[in-house]
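K.L.:
Supplied in structure tokens, the structure appears directly below.
The values are calculated or read from the model by the stated rules, or taken from the named source; none is laboratory data. Just so we're clear, the structure is a prediction, and the values are computed from it rather than from any experiment. Quick reminder, even Gly has a Cβ in these numbers, built from the backbone with ideal geometry, and neighbours come from all protein chains shown. SASA here: full protein model, heavy atoms, side chains in, ligands and nucleic acids out. Shrake-Rupley method; radii C 1.70, N 1.55, O 1.52, S 1.80 Å.
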Amino acid sequence: KESRALFYMFASFWGVCGGWKYTIERYLAITIIPKNKDAELMGAYLFFGQILSWLPPLVFTALNEAGISIRISMLSLLIFWFIAVICLQVMGPYENALRQANEAVEDSSLVDNNTAEAVEEPKSKQSSEAPS
């Protein structure tokens, strides 16, 4: 009975944390993606998020099917967790990413304004050169 209660407590905790993970993960990605780059960078985010998602279950299943203890199979999943923690430590602070995204938006708006002015300039020259 005690192990059953622990299981339900752990499963509830896992469910709540897992639900928040996906929400916060998407929110974080959306906030640091510069405007006008939403589609391509969200596509890259989804691609890279899914490209190796099959690997941990494959390793677990292969070890389990080879007759290795399920405890060892579960511990093998820690390898992926440690890789994720190392990658997280290598990344810079969130504030820097947010600042860079905002600077990219400002830079792209300058480019858009210059492009708009360059496009409008020949039109104004054409109208002034038109015969009366």
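K.L.:
Which residue is modelled with the highest pLDDT, if the candidates are limited to region 103-132 and must be in a helix (DSSP H, G or I) and among the hydroxyl-bearing types (Ser, Thr, Tyr)?
P.N.:
Out of the qualifying residues, it is Ser108.
K.L.:
Now a separate question. Can you tell me which residue in region 49-102 is modelled with the lowest pLDDT, limited to those that are hydroxyl-bearing (Ser, Thr, Tyr) and not in a helix (DSSP H, G or I)?
P.N.:
The qualifying residue modelled with the lowest pLDDT is Ser53.
K.L.:
Also, quick follow-up: When region 13-45 is examined, which residues are found to be out of contact with any helix residue (DSSP H, G or I) (no Cβ under 7 Å at 6 or more places or on another chain) and under 16 Å from Leu98 (Cβ atoms)?
P.N.:
The answer is Ile24, Glu25, Arg26, Tyr27, Leu28, Ile30, Lys37, Asp38, Leu41.
K.L.:
Within region 1-28, which residues are at pLDDT 85 or above, more than 28 Å from Gln50 (Cα to Cα) and among the charged types (D, E, K, R)?
P.N.:
Arg4, the sole residue that qualifies.
K.L.:
Can you spot a residue in region 47-60 that is closer than 30 Å to Glu103 by Cα, within 21 Å of the chain's Cα centre (by Cα) and surrounded by 12 or more Cβ atoms within 10 Å (Cβ to Cβ)?
P.N.:
Checked against the condition, which is being closer than 30 Å to Glu103 by Cα, within 21 Å of the chain's Cα centre (by Cα) and surrounded by 12 or more Cβ atoms within 10 Å (Cβ to Cβ), region 47-60 yields at least one hit.
K.L.:
Also, I was wondering about something else. Which one is least open to solvent (accessible area, probe 1.4 Å) among residues in region 1-46 that are assigned to a helix (DSSP H, G or I) and touching a residue at least 40 places away in the same chain (Cβ under 8 Å)?
P.N.:
So, considering only residues that are assigned to a helix (DSSP H, G or I) and touching a residue at least 40 places away in the same chain (Cβ under 8 Å), the one least open to solvent (accessible area, probe 1.4 Å) is Thr31.
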